[in-house]
Amino acid sequence: MTKVLGVIGGSGLYEIDGMENPQWISVESSFGAPSDDLLVGEVDGFKVVFLPRHGREHKISPSAINYRANIDAMKRAGVTDLISISACGSFREEMAPCDFVLVDQFIDRTFAREKSFFNEGVVAHISVAHPTCGGLGDIILDAVKNVDVKMHNGGTYLAMEGPQFSTLAESKLYRTWGCDVIGMTNMPEAKLAREAELCYATVAMVTDYDSWHPDHGEVDVREIRKTLSANSANAKSLITNIIPLLKATEDRHPCEQGCDHALENSMFLKGDIDPAIKAKLSAVAGRVLNNVLA
């Protein structure tokens with residue numbers, strides 16, 4: 001199976017270094033406009049597709065991002081393995097600013113976003129008990145050994161609406177829930193990547209201590225911007241080191257965790273499906289719909 005690496009870059013990450021023949025291309029999605037054009041190119045002969053989550057000019061608020069269009073566009077561009085890079089706040093003293101966290105669980109507190117591709121015409125129920133890909137996570141942990149950054153293996157990401165940061169009471173509450181980091185963008189992104197049968201992993205780049213820390217006070221965007229510069233450089237280095245490792249796994253198929261066949265036995269299909277709905281879902285669910293309805 002030919003693998004293609006997709007990268008969704010959060011705050012501070014708007015491009016990928018070292019791409020050969022890079023081109024910004026427009027990809028039409030069935031679900032509206034993605035955040036920006038896709039930057040498509042190769043690194044060491046391996047296809048890489050990059051999308052800035054907030055747009056290249058960072059004009060899209062977290063709650064206004066068209067998450068469905070972003071994931072659909074990535075799937076249409078041939079992406080098989082998707083890495084999300086996100087700025088976040090930390091609820092743990094040991095997860096300090098400039099550290100990275102390989103997230104493996106989420107608590108979704110968002111409420112103003114479309115969270116599924118299957119809201120009309122087709123009903124699908126997938127498991128998100130394990131929302132990230134362990135195999136892709138192992139590659140990231142191997143790659144980060146060559147990057148001068150501290151990586152925490154595992155963490156729970158609290159996804160909130162934005163663009164405002166947490167109140168002090170909220171920040172203290174989320175700590176009692178066992179959350180490790182907080183951000184505004186990885187939900188419903190992770191759920192949609194699962195529905196689209198993508199291997200998905202999140203690297204959270206810590207920028208601050210949210211508002212709970214008695215020695216750091218409230219979140220200061222000026223301080224976050226300083227941290228983002230270092231985080232961005234480390235994120236680009238991490239991606240560069242991931243590519244040869246991912247390239248070496250191209251013969252491993254299917255995904256041992258089931259990411260690439262997450263829609264198997266998930267749909268309740270009785271009778272014909274509207275051709276327009278089938279066309280709309282052709283990228284994210286065409287493999288299953290075409291087989292069932294053949």
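Return only the number of the condition from (1) surrounded by fewer than 18 Cβ atoms within 10 Å (Cβ to Cβ); (2) modelled with pLDDT of 95 or more; (3) aliphatic (A, V, I, L, M); (4) in a loop (DSSP other than H, G, I, E, B) that Val79 does not satisfy.
The one condition Val79 does not meet is (1).
Considering only the range 83-117, how many residues are assigned to a strand (DSSP E or B) and closer than 24 Å to Phe31 by Cβ?
6
So that you can scan it fast, the table gives a plain yes or no per residue for (1) surrounded by fewer than 17 Cβ atoms within 10 Å (Cβ to Cβ); (2) touching a residue at least 60 places away in the same chain (Cβ under 8 Å); (3) not in a helix (DSSP H, G or I):
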residue: Tyr157; (1), (2), (3): no, yes, yes
residue: Gln164; (1), (2), (3): yes, no, yes
residue: Ala190; (1), (2), (3): no, yes, no
residue: Ala193; (1), (2), (3): no, yes, no
residue: Asp215; (1), (2), (3): yes, no, yes
residue: Ser229; (1), (2), (3): yes, yes, no
residue: Lys236; (1), (2), (3): no, yes, no
residue: Arg252; (1), (2), (3): yes, yes, yes
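From the list Ala201, Ala262, which residue is surrounded by 20 or more Cβ atoms within 10 Å (Cβ to Cβ) and touching a Gly at 6+ places or on another chain (Cβ under 6 Å)?
Within the list Ala201, Ala262, the selection yields Ala201.
What's the number of the condition Asp108 fails, among (1) acidic (Asp, Glu); (2) modelled with pLDDT of 95 or more; (3) surrounded by fewer than 18 Cβ atoms within 10 Å (Cβ to Cβ)?
(3)
Could we say that Thr176 is surrounded by 15 or more Cβ atoms within 10 Å (Cβ to Cβ), at pLDDT 95 or above and of a type in the set (Val, Ile, Thr) here?
no
Looking only at the range 118-132, which residues are farther than 25 Å from His253 by Cα and either of a type in the set (A, V, I, L, M, F, W, C) or not in a loop (DSSP other than H, G, I, E, B) (or both)?
Phe118, Val122, Val123, listed by residue number.
Given the residues Ala190, Ala283, Ala279, Ala201, which is the only one that is small (Gly, Ala, Ser) and touching a Pro at 6+ places or on another chain (Cβ under 8 Å)?
Ala190
Cβ-Cβ under 9 Å, sequence separation 6+ or interchain: first residue in the range 20-32 and farther than 15 Å from Pro52 by Cβ, partner part of a loop (DSSP other than H, G, I, E, B) and at pLDDT below 95. Which pairs?
Listed by first residue and then by second, the contacts come to Glu20/Asp44; Glu20/Gly45.
Being touching a Pro at 6+ places or on another chain (Cβ under 7 Å) and buried (at least 18 other Cβ atoms within 10 Å of the Cβ) is true for just one of Arg113, Arg68. Which residue is that?
Arg113
Could you say which residue among Tyr174, Tyr200, Tyr209 is at negative phi, touching a His at 6+ places or on another chain (Cβ under 8 Å) and not β-branched (Val, Ile, Thr)?
From the options Tyr174, Tyr200, Tyr209, the qualifying one is Tyr209.
Is one or more of the residues making up the range 2-18 closer than 15 Å to Ile83 by Cα, surrounded by 18 or more Cβ atoms within 10 Å (Cβ to Cβ), more than 16 Å from the chain's Cα centre (by Cα) and not aliphatic (A, V, I, L, M)?
yes
Residues in the range 133-148: is at least one out of contact with any Gly (no Cβ under 6 Å at 6 or more places or on another chain), surrounded by fewer than 18 Cβ atoms within 10 Å (Cβ to Cβ) and outside any helix (DSSP H, G or I)?
Yes, some residue in the range 133-148 is out of contact with any Gly (no Cβ under 6 Å at 6 or more places or on another chain), surrounded by fewer than 18 Cβ atoms within 10 Å (Cβ to Cβ) and outside any helix (DSSP H, G or I).
If you go through the range 265-278 one residue at a time, how many are surrounded by 13 or more Cβ atoms within 10 Å (Cβ to Cβ) and either assigned to a helix (DSSP H, G or I) or within 18 Å of the chain's Cα centre (by Cα) (or both)?
2
The values are calculated or read from the model by the stated rules, or taken from the named source; none is laboratory data. Just so we're clear, the structure is a prediction, and the values are computed from it rather than from any experiment. When we count neighbours, we look across all protein chains shown, and the Cβ atoms used for this are built from the backbone with ideal geometry, even at glycine.
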